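The values are calculated or read from the model by the stated rules, or taken from the named source; none is laboratory data. All of these numbers come straight from a predicted model, not from anything done at the bench. When we count neighbours, we look across all protein chains shown, and the Cβ atoms used for this are built from the backbone with ideal geometry, even at glycine. Ligands, DNA and RNA are excluded from the accessible area calculation, which covers all protein heavy atoms including side chains. Shrake-Rupley method; radii C 1.70, N 1.55, O 1.52, S 1.80 Å.
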Amino acid sequence: MKITRFVVTGGPCAGKTTAMSWIQNHYEAKGYRVLFVPETATELIGGGVSPWTCGTNVEYQVCQCRLQLFKEQIFEEAARTMDAENILIICDRGFMDNRAYMNDEEFEEVLSRLGVSEVEMRDHYDAVFHLVTTAKGAESVYTTANNAARYESVEEAVRVDEKLLSAWTGHPHLRVIDNATDFIGKLKRLIAEMDAFLGEPVPFEIERKFLIEYPDLNWMENNPKCRKVEIRQTYLKSLDGEHRRVRRRGDKGHYVYFETIKRPVSGIKRLEVERRLTKSEYKNLLKDADPECVPIEKDRYCLTYKNQYFEIDVYPFWKDKAICEIELHDENEPVYFPEELTIIREVTGEPEYKNSALARRKPDAQ
């Protein structure tokens, strides 16, 4: 049995309700068992529990977050009893959506009262798909009439959309589906991004890599659309042409763990298989570390810009340059860089700029 957990999120009136129907029809036809975790805020507000009826916003958010996690746990427990090979759990919003409705102090208090960390709550989903509100790019169809819990004006909807996207920035698999096409095209792009993650038909990774001048860390760290993640990457013994690695990913002492296997298909396309690890599994796999490689430690800045998701890797042994990567759905998809980044040149496919090559350098030569 393989259970995959997706979050479908986005600003008000983004098309989530219709998207759920498309997801169910598409993946049930492919043989998946599809389960839907309903949106928690709509349930609570519709039942009379809201930030304006509870004592404080924190009290409400604790209730909402606790119910969100409980529902997800129940759905996963139920999924494990089912006679199905592939199960897709779709969360109509996830834990981090709640952050958009709290200030930093309130969010930290909620995390403390629940005994969880931001990294743990953000990254325990396999992938996150953000549907941009129709209030941004399709204003003529924005409405509050189809959801009793929705009250935002067009301007407020845009602000909420940006806060939600900021809350999820930092997740390793965040994809943004904008309003560049009509609504049917938007839903087709959502399904295509989900297919790409699930490996339908195969899990290709299309990635472009750019050498950039050393970025302005102050600008990135104070940008609400950017999140810093600490990464320690260790390469394992692998077959020729294959890269096998384990990764510790997180911040402030809170981490999640992954194993990734990559096989080249072309200069820009690779076959990628990734699985989440427990801490003990991660430590056990470290015993199979490639003795020819040193662990790579880097700060990764995850940045959303014009509905694209950049990953900027800053290495401790480089003081004049860094690497900027972006994963694409299509090899011919254009890339739009923020003006704060200075591109030196594209280095996609150049072996010396691969992490596996950097790991083979001697520490004193880096």
>> Just to be sure I understand the curve: with the Debye formula and one point per C-alpha of the chain, what is log10 I(q)/I(0) at q = 0.11, 0.13 Å⁻¹?
In response: -0.81, -1.15
> So what J values fall out for segment 9-21 if you push phi through Karplus, 6.51 cos²θ - 1.76 cosθ + 1.60 with θ = phi - 60°, rounded to Hz, Gly and Pro as x?
Replying inline: 10, x, x, x, 6, 9, x, 4, 4, 5, 4, 4, 5
> In degrees between 0 and 90, to the nearest 10, how far off the longest principal axis of the chain does helix 154-168 point, with axes built from Cα atoms?
Replying inline: 40
>> Skipping prolines and chain starts, which residues have an amide H placed within reach, meaning under 5 Å, of the one on residue 321, given they are 5 or more residues away or on another chain?
In response: 214
> Which percent of the accessible heavy-atom area of segment 1-140 goes to carbon and sulfur, probe 1.4 angstrom?
Replying inline: 50
> With every protein chain left in place, what is the accessible area of residue 219 in Å² (1.4 Å probe, nearest 10)?
Replying inline: 60
> Out of residues 5 or more away from residue 34 or on other chains, whose amide H comes under 5 Å of its own, with H placed 1.01 Å from N in the peptide plane?
Replying inline: 88
>> Can you give me the angle between helix 183-198 and the longest principal axis of the chain, using Cα atoms only, in degrees from 0 to 90, rounded to the nearest 10?
In response: 50
> Once both axes come from the Cα atoms, what is the angle between helix 104-114 and the longest principal axis of the chain, in degrees from 0 to 90, rounded to 10?
Replying inline: 90
> How large is ³J(HN,Hα), in whole Hz, for each residue of segment 243-253 in order, when computed from phi with the Karplus curve 6.51 cos²θ - 1.76 cosθ + 1.60 and θ = phi - 60°, using x for Gly and Pro?
Replying inline: 10, 10, 9, 10, 9, 9, 9, x, 6, 6, x
> Which ³J(HN,Hα) values in Hz, rounded to whole numbers, follow from the phi angles of segment 43-60 under the Karplus curve 6.51 cos²θ - 1.76 cosθ + 1.60, where θ = phi - 60° and Gly and Pro get x?
Replying inline: 4, 5, 5, x, x, x, 9, 8, x, 8, 9, 7, x, 9, 5, 4, 4, 5
>> With an 8 Å Cα cut-off and a minimum separation of 6 or more residues, compute the relative contact order for the chain in percent.
In response: 17
>> If each DSSP helix of 4+ residues adds -39,500 (n - 2.57) and the sum is divided by the residues in the chain, what number results at 222 nm, nearest 500 deg cm²/dmol?
In response: -9000 deg cm²/dmol
>> Let's see if you can work this out: charge +1 on each Lys and Arg Cβ, -1 on each Asp and Glu Cβ, no other charges. What is the dipole magnitude of segment 224-366 about its Cα centre, in debye to the nearest 20?
In response: 680
> Non-local amide H neighbours of residue 328 (under 5 Å, H modeled in plane, Pro and chain starts lacking H): which ones?
Replying inline: 206, 207, 208
